[in-house]
Amino acid sequence: MSESPPPAPPPAEQQGTPWKLIAFGALAVYAVLIVLFNRKQVEVSFVFFSAEISLLVLILLCVGLGFAAGYLFDELRSRRRSQA
């Protein structure tokens with residue numbers, strides 16, 4: 001009978017602590033905590049009307065407006081650079 005070769009060691013990614021899984025879990029817990037702590041209803045004035053919305057929705061709206069403004073400002077700046 002011939003001896004079978006010993007099993008190959010697992011790849012380096014599978015050895016030790018799964019850091020990606022731990023980081024994903026920590027981010028998921030953080031996201032849940034953000035939702036739980038920002039459930040309070042707040043009144044927001046949108047200049048022409050006001051509405052009562054969740055604080056989390058208000059935070060996401062502000063983040064979205066910030067990203068949109070940053071994108072538009074970057075486009076404007078790159079257009080001015082290409083013209084000069």
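Here are the numbers for the structure shown:
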| read-out | value |
| --- | --- |
| Charge-dipole axis of region 19-83 as Lys and Arg at +1 and Asp and Glu at -1 on Cβ define it, positive-most pick from ALA26, LEU55, PHE73 | PHE73 |
| FRET efficiency, ILE59 to ALA26 (Cβ-Cβ, R0 22 Å, nearest 0.05) | 0.65 |
| Projected label distance in nm at LEU72 and GLU43, using a 7 Å step from Cα toward the beta-carbon | 2.8 nm |
| Relative contact order of the chain, defined on C-alpha pairs under 8 angstrom at six or more residues apart (%) | 15 percent |
| LEU36 paired with TRP19, simple spin-label distance in nm, labels 7 Å along Cα-to-beta-carbon | 2.8 nm |
| Dipole in debye (nearest 20) - the chain, about Cα centre, beta carbon charges: Lys, Arg +1; Asp, Glu -1 | 440 debye |
| Phi-based couplings in Hz for region 25-42 (Karplus 6.51, -1.76, 1.60; Gly and Pro marked x) | x, 5, 5, 5, 4, 4, 5, 5, 5, 4, 5, 5, 7, 10, 8, 4, 8, 10 |
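Rule-based calculations on the coordinates, nothing more; no lab input. Since this is a predicted model, take the numbers as computed values, not measurements. FYI the Cβ positions are ideal-geometry reconstructions off the backbone, even for glycines, and counts take in every protein chain you see.
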